[in-house]
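The values are calculated or read from the model by the stated rules, or taken from the named source; none is laboratory data. The structure presented is a predicted model; accordingly, all values stated were derived computationally and were not measured. Side chains included, ligands, DNA and RNA excluded: accessible areas come from the protein's heavy atoms. Shrake-Rupley method; radii C 1.70, N 1.55, O 1.52, S 1.80 Å.
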Amino acid sequence: LESGTSTLSRRDVEVGVLVEEMAREARGFIEPVGLTLAVAVAPELTGVRLSLDAERIRHVFMNLLTNAVKYSPAGGVVGLSATVEPGLVRFAVRDAGPGIPAESVTRVFDRFYRAPDQVKSGAGLGLAIAREIVVAHGGSIACTSEVGRGAEFYFLLPVAATSSS
């Protein structure tokens, strides 16, 4: 995507259906490890459709959700939500893990970056790939966190006018 050699295979997807599909898949790896998935979709999003590459956006969700599982304490809750911002849909994944130091929050989407003292495994590419996918859709991705209070990763996708058939 970054090099421009790959294109998106877009189709219209209803926001609520997308979130429920991601939740259904995620429950398969969240519940067996003793965590709970809390899902919330803003009522204003009922019937709202986005033009997106569903498989690529699935990759973003799964990366964020598996990371949330990796860092959440036993018995914890992973949140998955969709809310409205002007002209945008905001998708978020929240965990109750150890949080990310302020100096690392701005770097977590850099290739190969791993926060200092991080004990969990990974190559440091998942979030960089997620960023490329979201940006290719005309969106943005970010993280908010406070050490000891978990992290929230969210991405914003534009609500584009779609043609009706």
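The phi-based Karplus calculation (6.51 cos²θ - 1.76 cosθ + 1.60; θ = phi - 60°) puts the 3J(HN,Hα) values of segment 87-94 at x, 9, 10, 9, 9, 9, 10, 10 Hz, whole numbers, x for Gly and Pro. Coupling constants for segment 48-62 follow from the phi torsions by the Karplus curve (6.51 cos²θ - 1.76 cosθ + 1.60, θ = phi - 60°), and in residue order they are 6, 10, 10, 8, 8, 8, 4, 5, 5, 5, 4, 4, 4, 4, 5 Hz; glycine and proline get x. Remark: segment 7-160 carries 49 Å² of accessible area per residue (probe radius 1.4 Å; ligands, DNA and RNA excluded).
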